[in-house]
Each structure stands twice: as structure tokens, then as C-alpha cells.
1. Going by accessible area, probe 1.4 Å, with all protein chains left in place, what is the ranking of TYR28, TYR48, largest first?
2. Using only the heavy atoms of the protein chains and a 1.4 Å probe, how would TYR333, TYR402 rank by accessible area, largest first?
3. In the full protein assembly as shown, how much of MET137 is accessible to a 1.4 Å probe, in Å² to the nearest 10?
4. Through the Karplus equation 6.51 cos²θ - 1.76 cosθ + 1.60, θ set to phi - 60°, convert the phi angles of the range 425-433 into ³J(HN,Hα) values in whole Hz; use x for Gly and Pro.
5. Using the Cβ atoms and a cut-off under 14 Å, what net charge is assigned to the surroundings of ARG546, where Lys and Arg are +1 and Asp and Glu are -1?
6. Let me make sure I get this right: for the range 370-434, a, b and c are the square roots of the gyration tensor eigenvalues over alpha carbons, sorted descending. Under 1.5 in a/c it's rounded, otherwise prolate if a/b > b/c, else oblate. Which is it?
7. Once the Cα atoms of the range 178-217 are picked out, what are the Rg and Dmax in Å?
8. Once the whole set of protein chains is in place, how much accessible area is left on ASP508, using a 1.4 Å probe, in Å² to the nearest 10?
Amino acid sequence: MTLAPSAPRLPGAFKAGLTVGLCLSVPYLLGRFELGLLTVTGTFAVLYASAAPLRRRAVTVAGIGLGLVASTSLGAFTAGSTFAFACAAVLLAMVSAGLCLALRVGPPGSYFLVLCAGIANLLVREHGTEPALIPAMTAVGVVVAWLVTMCELLPDPRRPERKAVEAARAAVASYVATEPGPDGRPQHRAAAHALAAAEEAMAEGMWRPSRALAAELEAAHDQFTERAARASLHIVPGEETAWDPRNPDAGRWLTGDPGGADVEMPTGESAERVEHALAEDERQTIGSLRRRLVDGLRWPGEPWSVAASVGVATAVSIVVLTLLAGADQPHLYWVVAFSALVLHQGGPRVARTYRALHRLLGTVVGLALFLLVVTLHPTGWWLIGLIVLLQFTIELLVTRNYGLAVALITPLALLIASGGNVPQQPLPLVGERLLDTVIGVVVALVVLWGFGTRAHHRAVRGDTRRAVAALAAFARGDAPTRHEPTVASTLRDLHTSTSLLVADGHQDSPEARTAEAVTHAGFLMLGTRDRRTVAASAPRWTEAERLRLPSGWRQIDDDDVDIRLRQLCAHMGAAHD
């Protein structure tokens, strides 16, 4: 119920409002306002990667734009059959959710792809719009969105890179000013992540790197390394169960049973080498769609489990709505979009539950706002101004309080779906949308807490096996193929999936503890410079690779395989740092 802290949203909100304003005002001046409304489905592309560096922004907005054209085509050309649209919508929700997670597209994810397919279907079925016209005008909106978001960088193409480097320098300066010990952990973590963000911004920015910015970033790295080396002399027990490989101030020893992950954290020097390896891996990944897909669509993994849960939730929602309201449902897209919305971005179950409650309460408020809009019956420039204001405010609020943003997304979606013809009797429409919302959200929550409850356990097991195999190959000196995920990316994926498992409250599970041991030992080996030490650990890593870890499908206590793998990691971690 609070406003969360957020990065500045005003530039992105201004771009969103400008894009919608251009797409609506120009056709209105030409006497074709209905065409302007059709372009709005393409303008949603401007909401993606709004603060990203040049190359990432160009590729992401263009890719989402193509997805919006494809989704509106799917919705428009299946308008003749409710069954065909239902099947297409479920498939679209599944595929788009999995791909957006795998490619790390970021918010707002796949939601607008599903929503725009439904809007296109409704426009054809209820308003008789020509099917081919909708994706064509969506493409126009996409082009305007791409031009607006790229023109923002014309005065200073390196602005995102420079701001990231400046933020990294400031964070490092704050960390350097602290003394080693527990009080310095927050500053160390902030500096480490700021440096990583700056490295990524440089890799995703202009094609030719800036020597001046690179020199500034290198100087910040040097300061960070010097301060981290001091921290390594004062390692103290940490409290976090999740591990940040760039945070020696959070170092700890895990003691207790002999099966524990008794692997020391890396020293500052080792952590710095790990950070450079991760940054170099990011540079290799940038621009390689195949690498991103191979890395993201690993099985088992979160994209697969999220896609499956989205498919089950949307299909069940359609069945429930059909049983309650009849087979002929022109507004079927609403229940599909709302079921997918709760689940499509993945993450911990608690966070997705909050998202569902925000969606439910925000929609109720949004429907009340829509009734107010219908009472005012805006037309012409008043309607254009209202849509622009809604889009602008949504972009300001969406990262600060999702419920408030949803309260504005609801009337915006209904205005676009109406084709500019505000209904004279809105109460039946509002009642239908409320029923759709309740069904979609409730079904999504049931699926969230009752379907795939061990999906994160299975993902961690799969990532653990991949990490052990990659580390064994690295220790033996096997050369990876060009498109094979590197050791750094494999360890990063394992750390990410383990963090999700820990966030769900399973930090003491065998899957999480074993994954933590492998992550610690793996990053220690990645950070060592002595190739002979790495090669000496090859027999132990090969033994670890041959162990048959349980799959994670069913709940078990520690077994001999988990305990043996943790013991191997403890020996190898001690040898590498």
C-alpha cells in the first residue's frame, strides 16, 4: 500500500505520452481518428527498455514491436471462431511468457502481447474492423514508438552509459569511505552491483566503446579492488543465505553438520577476478540471440515452469468463464490476460500473490474510473488528452505501486477496445469485466500455490548438474563451443535460481544447500589465476559430475549424494582461494 522507491520515471512517462499523442492527434487532424486508436496497440512498445543503452533499446523495442504485430494478427484473424481464439490465446500466453523470461526482456514482460491480441479480436468481432487493418496500424504505432525512444538519445547517444558509470563511481566512493566490517556490507553490495550495471551498460551501448568512460570505470574498479582487499583481512560471519560473489564483506563460514557447505567466501582479489569474468561473459552474450536462448531456455528452468503455469491458468480460466457465462464470449481476452498477468513474470510466490491482489483491487478502482469516463463521454481532443494522460501516469506509477497503475490501465484498455465508441450502457460491460477479473485472478492464485510447487527445486537441481558439469570441463581444460554457455553464465544461472528457491522460504532444503556449496566452490575456482591448482581439482570435479543428484521432483532429506557433493566442494573451495 506504499509508494516504492524507483529510478526517475519522468523521461519514460514523457516518451509514452508523446508516442500516444502523436499516433492519435495526426489521424484525428486528417479525419481518421479510428485509425489512430488502432495504432495505440503498437505504441505499447515504447514502454520497454525505456532507460536502456542504445543497442539494447533498439533491439528490444523492435523485437517487442514485431511481437505486437504478430499478436494482433493472431487475434484479428481468429475472430471468426471463439474456440480458435481461445487456443491461440493460451498458446500465445505460454510462448510469450517463456520467451520474455528467457531473453530477459524485463517489465512489462509479455502482458501487452496477450492484451493486444485480445483487443484485436474484440475490434473485429464487435466493431467489424477489417482484420488486416489492425496489425497494419499496429506496425505504424511500433514505428512511431521506436523512433521516439531512439530520438531521445540523439543529443547524447552515450547518456545511459555515462550515467551508469557516474553511478558506479559514486557507489564506489561511498564504499571506500567505510571501514571493513558488517557496517560496510550495504555499501559494498551497492558498489558491486553498480559496477556490474556500468559494465553491462558499456557492453550494450554504442558499437565503439568510449575510451574516456572505460578509463573512468577502470579507475572505479581499481578503487573497489583496493577497498575489497582490505575487507578480505576482516571477513566476519554473514547473515545472508543467498550469496553475492562480489561481496567479500558478507563472507562467512558455514559450520555444523559434516554435510554442510563449509566453503569459505572468496577474498577481495578472487572476487575481483570473478567480477571481470562475469563482465566478459556479458560482453560475449550481448548481440547473440542464440546464446541468450540457449542460456535462458535451459531445462528445467523458470521460463518452462512459468510457461506451463500460464498455460494451465489461462486454459482453466476459459473453461470456468464458459461454464458460468456461456460459450459465446467476445470478451474472452480479459480473463486470459488477467490469468497470465499474475504469473508471466515469474519470481517468488509471495511477490506474485501481491501482484494478483494489486491487480484485483486496482481493476475494481479502474472500472469505477471507467464509469466516470463514460459519464463524462469525452470525444475529440478531450478523449485524446485523456488517453495521453492515462498512458503518462501509468508509466510514472507502474514501478512505484502496481495497484495504482492497474487502476489506470483498466480504463485505458477499455477505451482502446471500444474503438472510440464509448458505450451508452456501461454497467453490463463493467459487470462482465469484474467477473472476468475475479475468475482470472482466483484461478491464477490456485495454480500458483497448487501447481508446480517444486518447480524451483527442480530448476535448482538442473542448474546444479549443469554447473558441476561445466566446472569439471573447465578444470580438465576442455574447450567450450562457441554457443555453449560459459562457466560464468552457468554459475550465474545457478545463483539466480537458488535465490528464487531461498525467497520462497526453502533456504534449508537439500537443493539450496548443495547449490550454495557448488556456487561458492565454482566462483572460487573461476577466480583463481593458478592453472595448476585448477587442473589438480579435475579428479574431484569429475567425481562430482558422476554423482547422481536427485531430480527435485519430490521432497527428500539430505542423502549421501548431497553430503558427498558438499564435501567435495569444501575441499576444492579451500584449495582454490
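The values are calculated or read from the model by the stated rules, or taken from the named source; none is laboratory data. Just so you know, these numbers come straight off a predicted model, no measurement behind them. Backbone-built Cβ (ideal geometry, glycine too); neighbour counts: all protein chains shown. Side chains are part of the model used for accessible areas, which takes the heavy atoms of the whole protein and leaves out ligands, DNA and RNA. Shrake-Rupley method; radii C 1.70, N 1.55, O 1.52, S 1.80 Å.
1. Details: TYR28 80, TYR48 0 Å².
The ranking, largest first, comes out as TYR28, TYR48.
2. Highest to lowest solvent-accessible surface, that is TYR402, TYR333.
3. 30
4. Along the range 425-433, the couplings run 10, x, 4, x, 5, 5, x, 5, 5 Hz.
5. Numbers: positive: ARG465, ARG476, ARG540, ARG548, ARG564; negative: GLU543, GLU545, ASP560.
Around ARG546, the charge tally is +2.
6. Oblate is the answer for the range 370-434, as a/c is 1.5 or above yet b/c matches or exceeds a/b.
7. 13.5, 40
8. So the heavy atoms of ASP508 present about 120 Å² to solvent.
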